[in-house]
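S.K.: Input: one structure, supplied below.
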Amino acid sequence: PRGMGWMMKRILLALALVVAGCSAPAATPVTHAVTGRLLLSSADGSGIAASGGVCVGYGGYSDIRPGTTAVLKDESGTILASDSLSGGKGASTVCAFSFLLMGVTDSAKFYSVEVGRRGAITKSHAEMVADGWAFGVTLGP
């Protein structure tokens with residue numbers, strides 16, 4: 001006959017297996033890279049300074065230039081990601097900029113992007129999915 005020590009070892013082993021089976025690893029949250037494009041348009045060329053295919057906002061649009069911050073927030077105002085505008089390619093009537101917001105969680109009901117001091121543009125989660133996790137922003141007439 002085996003002693004009590006043998007029985008205790010079996011009970012402890014069984015208990016350890018049960019505990020190990022109950023502690024599944026935490027799921028990794030789904031994230032996306034949100035692409036963004038900002039088009040600055042100026043029919044008469046007064047809002048864009050351009051030379052040699054490089055352009056920046058001018059006058060009332062002087063805050064729109066490479067380096068201006070794009071910020072993405074969820075419905076509660078929590079910042080999910082930010083990036084600086086790059087680009088500034090175009091002419092005196094249209095100037096294009098881009099941004100890339102990495103690691104954006106798939107869990108918000110709404111997503112709002114704000115570029116510089118221009119106010120936020122909001123999309124629902126369903127709109128983000130339908131639009132391929134992208135924002136297009138147009139400024140100007």
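The values are calculated or read from the model by the stated rules, or taken from the named source; none is laboratory data. From a predicted model like this one, the values you see are computed outputs, not experimental measurements. Quick reminder, even Gly has a Cβ in these numbers, built from the backbone with ideal geometry, and neighbours come from all protein chains shown. Note: areas computed on protein heavy atoms with side chains; ligands, DNA, RNA excluded. Shrake-Rupley method; radii C 1.70, N 1.55, O 1.52, S 1.80 Å.
S.K.: Could you count how many residues in segment 74-83 are within 18 Å of V137 (Cα to Cα), open to solvent by 40 Å² or more (accessible area, probe 1.4 Å) and not acidic (D, E)? It would help to see each step written out before you state the result.
M.R.: Of the residues in segment 74-83, the ones within 18 Å of V137 (Cα to Cα) are 74, 81-83.
Okay, now just the ones that are also open to solvent by 40 Å² or more (accessible area, probe 1.4 Å), so 82-83.
Now restrict to residues that are not acidic (D, E): 82.
The total comes to 1.
S.K.: Quick one: in segment 104-117, which of the residues that are in a strand (DSSP E or B) and open to solvent by less than 30 Å² (accessible area, probe 1.4 Å) is farthest from G47 (Cα to Cα)?
M.R.: Pass one, segment 104-117, residues in a strand (DSSP E or B): 104-105, 110-115.
Cutting the leftovers down to open to solvent by less than 30 Å² (accessible area, probe 1.4 Å) gives us 104, 111-113, 115.
Working: V104: 32, Y111: 28, S112: 25, V113: 22, V115: 17 Å.
That would be V104.
S.K.: Here is a follow-up. Residues to consider are G36, G67; find the one that is in a loop (DSSP other than H, G, I, E, B), at pLDDT 95 or above, within 20 Å of G136 (Cα to Cα) and of a type in the set (G, A, S). Before you say what the answer is, go through the steps one by one.
M.R.: Values: G36 fails: in a loop (DSSP other than H, G, I, E, B).
None of the others qualify; the one that does is G67.
S.K.: Considering only residues that are open to solvent by 40 Å² or more (accessible area, probe 1.4 Å), farther than 14 Å from V113 by Cα and charged (D, E, K, R), which ones fall in segment 26-73?
M.R.: D44, R65
One line per residue, one yes/no per condition, for (1) modelled with pLDDT under 95; (2) at negative phi; (3) touching a strand residue (DSSP E or B) at 6+ places or on another chain (Cβ under 7 Å); (4) surrounded by fewer than 17 Cβ atoms within 10 Å (Cβ to Cβ):
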residue: L85; (1), (2), (3), (4): no, yes, yes, no
residue: A91; (1), (2), (3), (4): yes, yes, yes, yes
residue: L101; (1), (2), (3), (4): no, yes, yes, no
residue: G119; (1), (2), (3), (4): yes, no, no, yes
residue: K123; (1), (2), (3), (4): no, yes, yes, no
residue: E127; (1), (2), (3), (4): no, yes, no, yes
residue: G132; (1), (2), (3), (4): no, no, no, yes
